[in-house]
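The values are calculated or read from the model by the stated rules, or taken from the named source; none is laboratory data. The shown structure was predicted, so the numbers you read here are calculated from the model rather than taken from an experiment. Positions of Cβ are generated from backbone atoms using ideal geometry, with glycine treated the same way; all protein chains shown enter the neighbour counts. Ligands, DNA and RNA are excluded from the accessible area calculation, which covers all protein heavy atoms including side chains. Shrake-Rupley method; radii C 1.70, N 1.55, O 1.52, S 1.80 Å.
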Amino acid sequence: MHIDKYTDAILNCRFCFMCRHLSGIGNVAFTESDTPRVRASLLYGVTTGRIQLDNPDVIACLYRHDLSGACRRNCVKHFDEIGLNLAARADIVASGCAPASIQALADSLMQTARWTVDGSGEVLYFVDLYTQETGTVAAAFAKIMAKAKVSYQTVSGGCIGKGLKTLGYLPEAAAAAKQFAAVVEKSGAKTVVVSNPAAYDALVNDFPALGIKLAATVMHTSEYILSLALPWQNPQEVYYLESDFLRNYNSDLPAPHSLLQAVGAKNRPFGTNDEESYTCGEGAVLLPRIDASLVEKLAQYIEARADAPSTDRILVASPYTKLMLGKYTSLHVQTLEEFVAEAI
Amino acid sequence: MLVSSNSYMYEMIRSELTDIVGSEFVCTHEADKFGHSIDYYWIPEMWHDRGMETPRPDFVISPANAQEVSKVIKLANHYHIPVVPWGGGSGSQGGALPIFGGIIMDMKRMNKLIRIDRESLTVTCQAGIIAQHLEWSCNKEGFSTMHLPASISCATIGGFLAHRGTGVLSTKYGKIEDMVLSLEVVTPTGEIIRTLPVPRHASGPDLTLLFTGSEGTLGIITEATLKLHPQPEAREFRAYIFKDFHTAMSAGAELMRSRLQPCAIRLYDETETITHVRKVFNMELAQGSYLVFGFDGRKDITACQMKYAREIMEDKYQGQDLGSKGGDLWWENKYKFFYPGFMFHLPQAFGTLDTVATFDKIEAVYWAMKNVVTENFPQARFIGHFSHWYEWGCMLYARFIFEPQDVPKDPREAVALYNRVWNMAIRAAIANGGVINEHHGVGIKLGHLMKELYGPAMPVLEGIKKQLDPNNIMNPGKMGFKGV
Ligand SMILES: Cc1cc2nc3c(=O)[nH]c(=O)nc-3n(C[C@H](O)[C@H](O)[C@H](O)COP(=O)(O)OP(=O)(O)OC[C@H]3O[C@@H](n4cnc5c(N)ncnc54)[C@H](O)[C@@H]3O)c2cc1C
Ligand code: SF4
């Protein structure tokens, strides 16, 4: 079983309470089962045969996780409770126990991949489904690139495997990743730039783990824009909400903060602490389609922590988080690209 | 629970509960019921580790306010259903376990910070708030509750009040019972009451303290008003190694007798200094007993107190000074001891034998417990530190540890061995002037020793329980009170 690779997480998390204050879903649903302790304990029961992985309640519990990585980051030994949860999902799928709704979601991701590449240049900008849905993020990036006088290509059209991986469809995720890698290779690009941190994580971590080596360098837009060393300033007071993928999955990628500093923004601490995830479930990628009510609760949790919800200027790295906060709260949210483009 | 979950009556009760708290907050999922079947008590953890079934609740309810709590309690009285309050489940005594099934009243939805009173320096909150969340919110306003236990991340304010919990700064700021001004409580018959608004008065016995430490057996704490403190301008620590535990204890006691006001003192016996302090700090330490203490408040006063404390440590007791770095390391790593990798864990068998006694007795208590454990269970290790210090004495946080090969494979035999250690060690503590517990509470783990501790006073407690809870629905079978 896939979970056998995570025995250390099972054995250490199963009776541990030390990161429960960071359990995103636990904090909004007030449930005991939405914590690394109970999930690991359930999975320990699975390894002993006491609990069955085809139990619908156990499956539902495992698919509710927001996969923020905040607990793993807080953990002194960084036990990989995220890897464990993903492995359990893969076992559920492999044993044919995926709920019909999850199967349908996976099917829809497999069917929609139709890659289109436009433009020309050595930079390939990946417009993933969430970036596309905002309707504004890619435009902001275009404005920056025009001002910087850099021509670039865009690629869009589907899932590069991240969504499928979070659902537990590993072979299908690998196939999607390979397909995308071929598109990148064909484009001849030297640099792939992505706005969505989920895509960034897929390209820098998931792809190599699958043995896929991209010829191009992968950069998050914050890294790329920073590398352009443009002179624009936007010296406003902002609240930057960390991205799960950039902070918790990628060792605190410094670029978003460096970019804010470079444009002269005054970043104020949001909420009461810098440990919780304020992303609406970015790590789970598809949570809105698994249980939208959870995303709504996560969004409201964030709104309740704003100093002045109607006037605060919230910045995010993730188009996903922008979309969800826009949908469920009245907060004013921009992505980093939009914030920089605004100053042009 | 008196009705089977297959019966229509179960569904009738579920409907009534749904009517009170809403369907979303009446949970009967296997995963959540399972989550409430294990707390931080070694026995249920071991039971699960061995593949055994742990007792589940019939319903898990998450009320939003005292009114909903009251209605659920009235319903439970009507049908005689046990109700067990659950905060964070981090209690180590089995206090929150649904040993007779029934309703788990999970308090975490009651997580609101109601008011910060900047004039009186108090904070009023619902009881289900996780202590870290409360602390963060207070910090944002420039204050602190100064309640900083190792379980701050997981335990609720109600849970701490119910167990008389304590944090690392207890020596100056007190245990939770010293921090609380007043409570809102739903009694076992469903009345919503408030204790007096202030803790210092001469208006009869103190109801706040009656409910503090009652572990959910006398009612459900729904709201609390606690003291707040401004964040101190300075907080300084210093650590010493003493040649042996006795000298370190004498130095610590002297510091308390001097009436200087340390915010924390912690003393590790020689064994724990080697096995734990060195490991967590990743630091070479000389043989002996490690003692750390600190002061906080105004910078000049902190420095002045530190100066006098150093004189006691160095001039009178010849402590080897590890400097402020040796002390800061402890402060920075204060919670690290409790993370997996540093903490004991199954399949080891381990328990925290915490007790408290006056200075004239505390060493005798330590040796009595240590001797009884090491002589009767030569395969066990015994380590101890002294975490919470008062003007008159201090608390012993002793631990026994069995390595996996020394723990019986049969879970029933493992329980028997475990309980033999507890009984012998706690009886040794009582015989030498200690009590059965200092800040973890009683639960099911120590309930059977309550009669021995209280003697003829136990019927007083039992009388209070009977009067308040005529149907015995509130957390039955805990704290030495009778089961269903
Ligand atoms: C890693 C770790 C470290 C710890 N360190 C400390 C420490 O430093 N200091 C310390 O004091 N303890 C410590 N503990 C023990 C534990 O955190 C405390 O006993 C705490 O008081 C339990 O709170 P809880 O909310 O988890 O309560 P639970 O475990 O859920 O319940 C404890 C008891 O209180 C009752 N209860 C809960 N909420 C209410 C309520 N609102 N009204 C009435 N009764 C209620 C329950 O029925 C039960 O009897 C530690 C535990 C862990 C896991
Ligand atoms: S991730 Fe670390 S802190 Fe969280 S439950 Fe697991 S072991 Fe404990």
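For the protein assembly as shown, the dipole from Cβ point charges (+1 on Lys and Arg, -1 on Asp and Glu) about the Cα centre works out to 460 debye, to the nearest 20. Is the shape of chain A rounded, prolate or oblate, going by the alpha carbon gyration tensor and its root eigenvalues a ≥ b ≥ c, with a/c under 1.5 for rounded and a/b larger than b/c for prolate? It is oblate, given that a/c is not under 1.5 and a/b is not larger than b/c. For the pair B:L209 and A:A292, a Förster radius of 45 Å applied to the C-beta separation gives a FRET efficiency near 0.45, rounded to the nearest 0.05.
Of all DSSP bridge pairs formed entirely within the protein assembly as shown, close to 65 percent run antiparallel. Across segment B:444-459, coupling constants 3J(HN,Hα) worked out from phi with the 6.51/-1.76/1.60 Karplus curve, θ = phi - 60°, read 8, 4, 10, x, 5, 9, 4, 4, 5, 6, 8, x, x, 7, 4, x Hz, and Gly and Pro carry x.
Of the GluC sites (Glu not before Pro) found in segment B:376-438, those that fall in a DSSP loop while having at most 14 other beta-carbon atoms within 10 Å are B:E391.
Only protein heavy atoms count here, probed at 1.4 Å, and on that basis chains A and B bury about 3600 Å² of accessible area in total.
Calculate how large, on average over all directions, the projected area of the Cα convex hull of segment A:14-145 is; give the answer in nm² to one decimal. Its average projected convex-hull area is 11.5 nm². Once you reduce segment A:117-195 and segment B:230-275 to the center of their Cα atoms, the two points are 59 Å from each other. Annotation: extensible slack from B:T18 through B:H80 equals 20.5 nm (criterion: 0.36 nm per residue apart, minus Cα-Cα distance). Remark: C-alpha extents of segment B:8-108 on the principal axes read 38, 28, 24 Å, sorted largest to smallest.
Annotation: amide H of A:R313 within the under-5 Å range of A:Y239, sequence separation 5 or more or interchain, hydrogens built in the peptide plane. Need one word for segment A:163-274: rounded, prolate or oblate. Basis is the Cα gyration tensor (sqrt eigenvalues a ≥ b ≥ c); a/c below 1.5 gives rounded, then a/b vs b/c decides. It comes out oblate by the Cα gyration axes.
The mean of 1/r over all pairs of different alpha-carbon atoms in chain B, once inverted, gives a Kirkwood hydrodynamic radius of 23.4 Å. Does anyone have the angle between helix B:131-140 and the longest principal axis of chain B? Alpha-carbon axes, 0 to 90°, nearest 10? The angle comes out near 70 degrees.
With the simple spin-label model, which puts each label point 7 Å out from Cα in the Cβ direction, the A:K190 to A:D4 separation comes to 4.7 nm.
For segment B:234-338, the per residue solvent-accessible surface stands at 42 Å², with DNA, RNA and ligands left out and a 1.4 Å probe.
Ordered from largest to smallest accessible area (heavy atoms of protein chains, 1.4 Å probe), the residues B:W136, A:W232, B:W86, B:W392 come out as B:W392, A:W232, B:W136, B:W86. So for the protein assembly as shown, taking the charge dipole from beta-carbon charges (+1 Lys/Arg, -1 Asp/Glu), which of B:V421, A:N85, B:M52 sits furthest toward the positive end? The one lying farthest along the dipole's positive direction is B:V421. Under 5 Å from the amide H of B:E223 lie the amide H atoms of B:A127, B:E184, each residue being 5 or more positions distant or on a separate chain, with H modelled from the backbone and absent for Pro and chain starts.
Basic side chains Lys and Arg get +1 at the Cβ, acidic Asp and Glu get -1 at the Cβ, and with that the dipole of segment A:182-273 about its Cα centre reaches some 200 debye. Averaged over the residues of peptide A:19-32, the number of Cβ atoms from other protein chains lying within 10 Å of each residue's Cβ is 6. Of A:T136, A:A292, A:L325, whose Cα points farthest to the positive end of the dipole of the protein assembly as shown (charges on the beta-carbon: +1 Lys, Arg; -1 Asp, Glu; origin at the Cα centre)? My answer, from the dipole projection, is A:L325. Stretching B:T275 away from B:F342 to a fully extended chain increases their span by 23.1 nm, per 0.36 nm per residue minus the current alpha-carbon distance.
Residue-wise HN-Hα couplings along segment A:92-98, as the Karplus relation 6.51 cos²θ - 1.76 cosθ + 1.60 with θ = phi - 60° gives them from phi, are 4, 5, 4, 8, x, 9, 4 Hz; Gly and Pro carry x.
Heavy-atom accessible surface of segment B:8-108, averaged per residue, reaches 31 Å², computed with a 1.4 Å probe.
Every Cα-Cα pair in segment B:110-230 was counted, and those over 16 Å apart are 57% of them. Less than 5 angstrom separates the built amide H of B:L353 from those of B:A398, B:R399, B:F400, all sequence-distant by 5 or more or on a different chain. Among the cysteines of chain A, A:C13, A:C16, A:C61, A:C75, A:C97, A:C159, A:C280 have no other cysteine beta carbon within less than 4.7 Å of their own. With the convex hull drawn around the C-alpha atoms of segment B:349-445, the volume per residue stands at 82 Å³. When restricted to Cα atoms, the protein assembly as shown yields an Rg and a Dmax of 28.3, 90 Å, respectively.
The Rg/Rh ratio of segment B:1-59, with both radii computed over alpha carbons and Rh defined as the Kirkwood radius, is 1.06. Between the C-alpha center of segment B:156-181 and that of segment A:266-344 there is a gap of 35 Å. Over chain B, dividing the summed -39,500 (n - 2.57) contributions of all DSSP H runs of at least 4 residues by the number of residues returns a 222 nm mean residue ellipticity of -10000 deg cm²/dmol. May I ask for the distance between the Cα centers of segment B:1-64 and segment A:1-68, given as a whole number of Å? That distance is 17 Å. Overall, segment B:234-338 carries a charge dipole of about 300 debye about its Cα centre when +1 sits on the Cβ of Lys and Arg and -1 on the Cβ of Asp and Glu, all other atoms neutral.
Extension gain, B:R412-B:Q318: 0.36 nm per intervening residue step, less the Cα-Cα distance, totals 28.9 nm.
Against the longest principal axis of chain B, how steep is helix B:66-79, in degrees 0 to 90 to the nearest 10, with axes from Cα atoms? So the inclination is approximately 60 degrees. Each of the trypsin sites (Lys or Arg not before Pro) that DSSP puts in a loop and that has at most 13 other Cβ atoms within 10 Å breaks chain B; the longest unbroken stretch is B:1-117.
Shape class for segment B:241-349, computed from the alpha carbon gyration tensor (a ≥ b ≥ c): prolate, with a/c not under 1.5 and a/b above b/c. Expressed as a whole percent, the proportion of Cα-Cα pairs in segment A:109-226 lying more than 18 Å apart is 46%. Each principal axis of the Cα cloud of segment A:300-344 was taken in turn, and the coordinate range along them, longest first, works out to 31, 20, 13 Å. Only helical runs count toward this figure. For chain A, summing -39,500 (n - 2.57) over DSSP H runs of n ≥ 4 and dividing by all residues gives -13500 deg cm²/dmol at 222 nm.
For segment A:110-209, trypsin sites (Lys or Arg not before Pro) are listed when DSSP marks them as loop and at most 16 other Cβ atoms sit within 10 Å of their Cβ; the list is A:R114, A:K149, A:K190. Out of the GluC sites (Glu not before Pro) in segment B:284-354, which ones are loop residues according to DSSP with at most 12 other C-beta atoms within 10 Å? Sites meeting the loop and neighbour criteria: B:E284. Computed from Cα atoms, the angle from the helix B:245-257 axis to the main principal axis of chain B rounds to 80 degrees. Heavy atoms of the protein chains alone define the surface here; on that basis segment A:109-226 has 41 Å² accessible area per residue at 1.4 Å probe size. Between B:L196 and A:S120, the modelled label-to-label distance comes to 8.8 nm, taking each label 7 Å out from Cα in the direction of the beta carbon.
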